[in-house]
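Have a look at the structure below before the remarks.
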Amino acid sequence: MEILVCVKRAPDTSENEIQLAAAGGDIERDDLVYSVNEPDNYAVEEALQIVARTGGSVTVATVGGEEDEEVLRREMAMGANRGVLISDDGFTGSDGRGTAAILKSFVETGRYDLILTGVQAEDGCAQVGGMLAAMLDYPFASLVTSIEVLQNGKLKIAREIEGGSKEINHIDLPCVLSIQTGINEPRYVGMRGIRQIASVPIPTLGASDLGMDGGAAGRAAAKVRRVDYFTPPEGKGAKILTGSREEIVDQVMELLKAEGGLN
Amino acid sequence: MSRIFAYILHKGGVADDSAAELAAAARKIDRAQPCTAVVTGWGADLDKVCESLRGAYPEIWKIAAGPLAYPNAELVRQALLAVIPAGSVVLVPHSHFGVDLSPGLSIKMNAAYVPDVVDVEGAEGSWLKTVRQEFGGQVSAHVHCDISAGAVLNIRPGAFRAEGDAPAEGRVVDKSAQVGAPTARRQYVETIAAEAGDVDITREQALVSIGRGIGEEENIAIAEDLAEALGAVVSCSRPVVDAKWMDKSRQVGSSGCTVRPKVYMACGISGSFQHLAGIKGNPFIVAVNKNPKAPIFRVANVGIVDDILEFMPALAKRVRKESVPAKTKGAAHD
Ligand SMILES: Cc1cc2nc3c(=O)[nH]c(=O)nc-3n(C[C@H](O)[C@H](O)[C@H](O)COP(=O)(O)OP(=O)(O)OC[C@H]3O[C@@H](n4cnc5c(N)ncnc54)[C@H](O)[C@@H]3O)c2cc1C
Ligand SMILES: Nc1ncnc2c1ncn2[C@@H]1O[C@H](COP(=O)(O)O)[C@@H](O)[C@H]1O
């Protein structure tokens, strides 16, 4: 099976405390730690496991800039056969629809049986996969938690739904699936693996390589714009306990007794 | 302004709580514009749901078709495209279903899409001003969307307060004929219910809940020890389950369990809306987090800014010190 996995480099929320910049309007970006968007890593692992079972190859692609090449290399160190950087000045300011339109043009330059995305980017909207599918007129399923390849050009998939239940579906190939975290255990990538891939050339494709006209992506085409970031409303707000750790532990002890937290 | 529609989720003949919230969101988008409910399904359940919405919506469009008995997003999309006029604003709950339906629907409508909307702050020309949260709720963002060609907005459950002011008795309009029998390349097979675990966290009075802040699998023992001292049980957030450190049956949240304890200790949990969605019954929430700006502190009753790996053992020790006399007394009877 020929599998394309769309990956994105995103600020890693588990490594960062996201703060508003002093000037306001944006978040503090100076010390942000970026990595592969978490669910995308699960998507690449799933693609590698499918290919190990059925044959074929895994391509990873990202729409971004030079700095995003590192995530392609990381996923290639995991075992992806090929990485493609899709980059063009004209793509700057694209919304999710624009990104999906760019990926659609890229998909049409090749032949893929299965396209995987992550469920949602840390800084995204859980939209690119579903939009890409609609643009390609492929079937789509979101929040996928298992994939089994059937013999008849179909997949049997599980989707996560409310309350920990699963919805089982059959879906025709080619299709687009958005992969939910926890579907597998992504393999570890050591420094050695990354070094081995460091000199492999990664092709960069621009709008003209994809045969894209100007109107489909970029700032002017965006129907959605993030105008600014701001501090969320405080809500009722917790009473923050103060004092030494011992004093705080004493206070918590009294509260737990009063509230029925000691059984 | 464009017409507004609300897609109603329902189950077993009962409309989801989001039905009333979407009506409230529609009023916030445009008070002057009546919002039409769209309900897809099949059989007596569908009629029951339509009937129940007459107090909340002036008009209810009913779409009945056998294949729509289960809400398969691909089929529902075809149904909506058949009846909703171009240029409309469509509201959908930001649920597991909404995430499946809406991105593709917006493309087929050639409309803008904004997911997980938590508020609306009016419009500027054809640009609607919505509010979202990003990075797990650590920051909010103003997101403007051009609705001149219509829009699909996914509304966060619980974000809009359902208001009491009922409109005139709504009327149910049968639109089924416009839809016919939709067909899909994705077929629903069955639903598999969540597996029960060794303990049922939904019945516990006190939970020590751990999140990604626990750091490593080995550290779970620290939480187990505190829970044991308190007579509580350990539950967790999703990353702990994704890492296979705890069983899925211990996960609290929209894709896990809904818990109703008296006391909920959130340790190293940031407080994402998917996690909070699983905490019901207004428990006393004690949050321990090393980040004073963590969103969990906006909903907790008391907060402790500390390292959980230091705080949990200190609390466990204190609890044990207090309960020693009681235990010794018990032992004397043996
Ligand atoms: C469709 C969907 C469904 C989902 N369903 C669920 C669900 O059911 N349940 C759920 O929980 N999530 C769910 N999620 C994931 C959710 O969006 C969040 O990613 C998740 O809840 C974050 O978990 P966390 O708070 O443990 O981790 P993080 O957000 O990474 O937060 C970790 C916190 O720990 C703090 N911390 C780190 N180290 C320490 C330390 N040593 N001492 C003290 N504090 C520390 C950090 O400051 C941070 O606030 C779902 C997501 C999607 C897309
Ligand atoms: N710029 C991008 N390049 C490649 N894939 C992307 C890009 N943005 C989003 N995706 C994919 O779409 C998924 C959902 O992202 P989003 O819709 O932005 O939340 C991500 O997990 C990626 O798999």
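All of the numbers you see were taken from the coordinates with simple rules; none came from a lab. What you see is a predicted model, and the numbers here were worked out from it, not measured in a lab. Heads up, the Cβs are rebuilt from the backbone with ideal geometry, glycines too, and the neighbour counts pull from every protein chain shown.
Which of the peptides B:257-263, A:107-113 is most tightly packed, and how do the rest follow, judged by the mean count of other Cβ atoms within 10 Å per residue?
B:257-263, A:107-113
Once phi is turned into ³J(HN,Hα) by the Karplus curve 6.51 cos²θ - 1.76 cosθ + 1.60 with θ = phi - 60°, what whole-Hz value does each residue of the range A:141-146 show in order, with x for glycine and proline?
3J(HN,Hα) across the range A:141-146, in whole Hz: 9, 9, 6, 6, 10, 6.
Taking every alpha carbon pair in the protein assembly as shown, what does the distance histogram look like in 20 angstrom bins from 0, in percent?
19, 52, 26, 3, 0
Round to the nearest 10 and give me the degree value, 0 to 90, for the angle of helix B:18-29's Cα axis relative to the longest principal axis of chain B.
Relative to chain B, helix B:18-29 is tipped by roughly 70 degrees.
About its Cα centre, how strong a charge dipole does chain B have in debye, to the nearest 20, once Lys and Arg get +1 and Asp and Glu get -1 at the Cβ? Before the final figure, lay out the partial values.
Numbers: 36 positive and 38 negative charges, 78 e Å.
That gives chain B a dipole magnitude of about 380 debye.
What would the Debye equation give as log₁₀ I(q)/I(0) for the range B:1-73 at q = 0.11, 0.22, 0.26 Å⁻¹, counting only Cα atoms as equal point scatterers?
Log-scaled intensity ratios, in q order: -0.25, -0.90, -1.16.
Wrap a convex hull around the Cα atoms of the range A:2-221, take a quarter of its surface area, and give that in square nanometres.
Working: hull surface 52.8 nm².
Over all viewing directions, the range A:2-221 projects a mean Cα-hull area of 13.2 nm².
Would you pull out the residues with amide H under 5 Å of A:Val84's amide H, same chain only if 5 or more places away, H placed 1.01 Å from N?
A:Val60, A:Ala61, A:Thr62
For B:Ile285, enumerate residues with amide H under 5 Å from its amide H, sequence gap 5+ or separate chain, H modeled in the peptide plane.
The answer is B:Tyr264, B:Asn301, B:Val302.
Based on alpha-carbon centroids, what's the gap between the range B:256-277 and the range B:128-188 in Å, whole number please?
After rounding, the separation between the Cα centres reads 26 Å.
Work out from phi, with θ = phi - 60° and the Karplus expression 6.51 cos²θ - 1.76 cosθ + 1.60, the ³J(HN,Hα) of each residue of the range A:233-244, listed in order in whole Hz, and give x for Gly and Pro.
Taking θ as phi minus 60°, the curve returns x, 5, x, 6, x, 7, 7, 7, 6, 10, x, 6 Hz for the range A:233-244.
Under a no-solvent Debye model with one identical scatterer per Cα of the range B:4-179, what's log10 I(q)/I(0) at q = 0.12 Å⁻¹?
Here log10 of I(q) over I(0) equals -0.50.
Just in the range B:1-99: which trypsin sites (Lys or Arg not before Pro) are loop by DSSP and have at most 11 other Cβ atoms within 10 Å?
Numbers: sites: B:Arg3, B:Lys11, B:Arg27, B:Lys28, B:Arg31, B:Lys48, B:Arg54, B:Lys62, B:Arg77; in loops: B:Arg3, B:Arg31, B:Arg54.
For trypsin sites (Lys or Arg not before Pro) across the range B:1-99 that sit outside H, G, I, E and B with at most 11 neighbouring Cβ atoms in 10 Å, the list reads B:Arg31.
For the range B:240-254, what does the Karplus curve 6.51 cos²θ - 1.76 cosθ + 1.60, with θ = phi - 60°, yield as ³J(HN,Hα) per residue in whole Hz, taken in order and with x for Gly and Pro?
5, 6, 4, 7, 6, 7, 9, 6, 3, 5, 9, 7, 9, x, 4
To the nearest Å, what is the center-to-center distance of the range B:35-73 and the range A:54-99, using C-alpha atoms only?
Answer, in whole Å: 42.
Between 0 and 90 degrees, rounded to the nearest ten: what's the tilt of helix B:43-52 against the longest Cα principal axis of chain B?
90
Just tell me how shielded A:138-145 is by partners: mean number of partner chain Cβ atoms within 10 Å of each residue's Cβ, no decimals. Please report the intermediate quantities before stating the final value.
Details: counts 2, 7, 9, 5, 10, 5, 0, 1.
Whole-number average of other-chain Cβ neighbours for A:138-145 is 5.
For a quick check: with amide H placed at 1.01 Å from N, whose amide H comes under 5 Å from A:Asn263's, ignoring anything fewer than 5 positions away on the same chain?
Amide H to amide H, under 5 Å and 5 or more residues apart or across chains, A:Asn263 pairs with B:Gly231.
What does the charge count around A:Arg195 come to, taking other residues whose C-beta lies under 14 Å from its C-beta (Lys +1, Arg +1, Asp -1, Glu -1)?
Details: positive: A:Arg73, A:Arg74, A:Arg192; negative: A:Glu70.
Computed value for this residue: +2.
Sort the following peptides by mean Cβ neighbour count (other Cβ atoms within 10 Å, averaged over residues), highest first: A:239-252, A:163-176, A:190-203.
Details: A:239-252: 14.7, A:163-176: 20.0, A:190-203: 11.3.
The densest-packed peptide leads the list: A:163-176, A:239-252, A:190-203.
Below 8 Å between Cα atoms, with a sequence gap of 6+, how large is the relative contact order for chain B in percent?
Details: 703 pairs, mean separation 47.1, N = 334.
14 percent.
For peptide B:106-115, how many partner chain Cβ atoms fall within 10 Å of a residue's Cβ, on average?
Numbers: counts 8, 13, 4, 1, 2, 2, 6, 9, 6, 8.
Rounded to a whole number, the mean comes out at 6.
Give the residue list of chymotrypsin sites (Phe, Trp or Tyr not before Pro) in the range B:211-273 that are DSSP loop and have at most 13 other beta-carbon atoms within 10 angstrom. Kindly include the intermediate steps, with their values, before the conclusion.
Working: sites: B:Trp245, B:Tyr264, B:Phe273; in loops: B:Trp245.
Here no chymotrypsin sites (Phe, Trp or Tyr not before Pro) fit, given the DSSP loop and packing criteria.
How much of the pair distance distribution for chain B lies past 27 Å, counting alpha-carbon pairs only, in percent?
Numbers: 29601 of 55611 pairs.
In whole percent, the share of Cα-Cα pairs in chain B beyond 27 Å is 53.
Determine which aspartates and glutamates satisfy two conditions relative to B:Lys28: a Cα distance under 16 Å, and not lying fewer than 8 residues away in the same chain.
Candidates past the 8-residue exclusion: B:Asp116, B:Asp119, B:Glu121, B:Glu124, B:Glu163, B:Asp165.
Suppose a student asked you for the relative contact order of the range B:4-179, using Cα pairs under 8 Å spaced at least 6 residues apart; what percent would you report? Don't skip to the answer; put the middle values down first.
Values: 391 pairs, mean separation 50.5, N = 176.
Relative contact order of the range B:4-179: 29 percent.
Based on DSSP, what percent of beta bridges with both residues in chain B are antiparallel, to the nearest 5?
Details: 14 of 61 bridges.
Once the DSSP bridges in chain B are tallied, antiparallel ones form about 25 percent.
Which loop-located GluC sites (Glu not before Pro) does the range B:104-178 contain, where loop means any DSSP state but H, G, I, E or B and the Cβ has at most 11 other Cβ atoms within 10 Å? Kindly include the intermediate steps, with their values, before the conclusion.
On the way: sites: B:Glu121, B:Glu124, B:Glu134, B:Glu163, B:Glu169; in loops: B:Glu163, B:Glu169.
In loop regions of the range B:104-178 (DSSP not H, G, I, E or B), the sparsely surrounded GluC sites (Glu not before Pro) are B:Glu169.
When Cβ neighbours within 10 Å are restricted to other protein chains, what is their mean count per residue of peptide A:11-21? Write down the numbers at each step before the final one.
Details: counts 2, 0, 8, 6, 0, 3, 8, 8, 5, 4, 0.
For peptide A:11-21, the averaged partner shielding equals 4.
Relative contact order of chain A, please, whole-number percent, based on alpha carbon pairs below 8 angstrom and at least 6 residues apart.
Values: 484 pairs, mean separation 61.9, N = 263.
Relative CO of chain A lands at 24 percent.
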